[in-house]
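The values are calculated or read from the model by the stated rules, or taken from the named source; none is laboratory data. The structure displayed is predicted, hence computed values, not measured ones. Please note: Cβ atoms are built from the backbone with ideal geometry, for glycine as well, and neighbour counts cover all protein chains shown.
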Amino acid sequence: MIHGQVIFYGASVALFVIGLYAVLVKRNLIKIMLGLSLIEGAVNLFLINIGYIWGKTAPILSNKELLAHPSAKAVDPVPQALVLTAIVIGVAVLALALSVIMRIYETHGTLNVDKIKELRW
């Protein structure tokens, strides 16, 4: 099952690199926020992949064999809970950032970072 983990590690690294490229190279605020969102998704995928153990099951204690030896047959639910919390916080931050970007566009008429820097008050 190592092959499955390599695919998820590779996907998380690819998402991270694409997001980092968008943050460092693009000048549009929407594209920069999209890059940050991709980086967040890559980190979440990486944390889920670290917390998952191939061949084990979800920690739902309704199964008879799982009740006998829960630590030997179940994965740790803490990384999954942390990633769910990170997703909720990430959506809230993205919504706030997009609302600020909308206000910047209404005020300055552009989303280009270089042009916004020139408009100092």
Fill in: Given (1) assigned to a helix (DSSP H, G or I); (2) at pLDDT below 95, index of the condition residue 97 fails
(2)
Practice prompt. Might you check whether a residue that is touching a Ser or Thr at 6+ places or on another chain (Cβ under 9 Å) and either surrounded by fewer than 16 Cβ atoms within 10 Å (Cβ to Cβ) or modelled with pLDDT of 95 or more (or both) occurs anywhere in the stretch 74-89?
Written response: no
Practice prompt. Scan the stretch 7-34 residue by residue and report those that are in a helix (DSSP H, G or I) and more than 18 Å from the chain's Cα centre (by Cα).
Written response: 25, 29
